[in-house]
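Data first, discussion second: the structure below is written as structure tokens.
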């Protein structure tokens, strides 16, 4: 079954089928004891992962690195990219081509849409898109979907709301594409200037996914099974006046959750600012910190699949 993934790249959520998702989640579930440190593994012994992160990251980079280490592999990273050859004018293509000579697999984050595809074309090593600007973040979407499955015990039949920055939010873009494989109803909640891109909405229409848009986070909250909140990303705005208008447009409070459907699952890709009150953290249905953990077994499964060891 892993032949389909062996030596392949993970660039977009669009490349996965429903069968792919089922297989990845099955392997990730088996990886959980290793991810928690309850079992040891040498599955990727002598394999090296390069984490090429040209944007700041804590959760995603650490998640990839601990996933590799838990499986017995090794890592090299660009935690000090300011001192690398990039500052001397070297192209991304050349950087990746060189790094590919040193390692077995590469995870890359870059501020430009399409950068992961550029990297994949530069090397024969498997490349994983860890976020390309406002484009996509497929591994985050996989861990988000896995979180929903773990928290709600199913995906089909759920009503899932996504709130906040839907225009620049790459996690939203990738997750919505994965959810198109399931029988779900989506609700997009955002101010007008941060609406989900029309290309994404057109893709959902083509797939027959039921969805609606609203500006009001309380509109239908009593029916939501999952509320996936996102940060308004100041770094994506070219006009800070526009950011100031919307930066505090939504805040999930304990009171708001209390008005929601019983057992509503609250998710967030993190980091969070003001969009979820800290008083929500102790609620049993606040899943966002558990969500970060699920990134480890998901990325362990992907590393094993791409390196032909699953």
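What follows draws every value from the coordinates through simple rules; no lab data is involved. This is a predicted model, so every value here is computed, not measured. In this analysis, Cβ positions are derived from the backbone assuming ideal geometry, glycine residues included, and neighbour counts consider all displayed protein chains.
Taking the C-alpha atoms only, the angle from helix 59-70 to the longest principal axis of the chain is near 50 degrees. Gyration tensor analysis over the Cα atoms of region 6-165 returns equivalent ellipsoid semi-axes of 27, 20, 14 Å (largest first, whole Å).
Values of log10 I(q)/I(0) for region 138-291 across q = 0.10, 0.13 Å⁻¹ run -0.31, -0.54, by the Debye formula with one identical scatterer at each alpha carbon and no solvent. Peptide packing: for 213-219, 65-71, the average count of neighbouring Cβ atoms within 10 Å per residue gives the ranking 65-71, 213-219, highest mean first. Each of the peptides 201-208, 274-281 was scored by the mean count of other Cβ atoms within 10 Å over its residues; in descending order, highest first, they stand as 274-281, 201-208. With the convex hull drawn over the C-alpha atoms of the chain, the volume per residue is 131 Å³. A full extension of the chain between residue 42 and residue 207 corresponds to an added length of 55.3 nm, given 0.36 nm per residue minus the alpha carbon distance. Computed extension gain for residue 215 through residue 26, at 0.36 nm per residue and net of the alpha carbon distance, reaches 64.4 nm.
Taking a ≥ b ≥ c as the square roots of the eigenvalues of the alpha-carbon gyration tensor, region 86-183 is classed prolate because a/c is 1.5 or more and a/b outweighs b/c.
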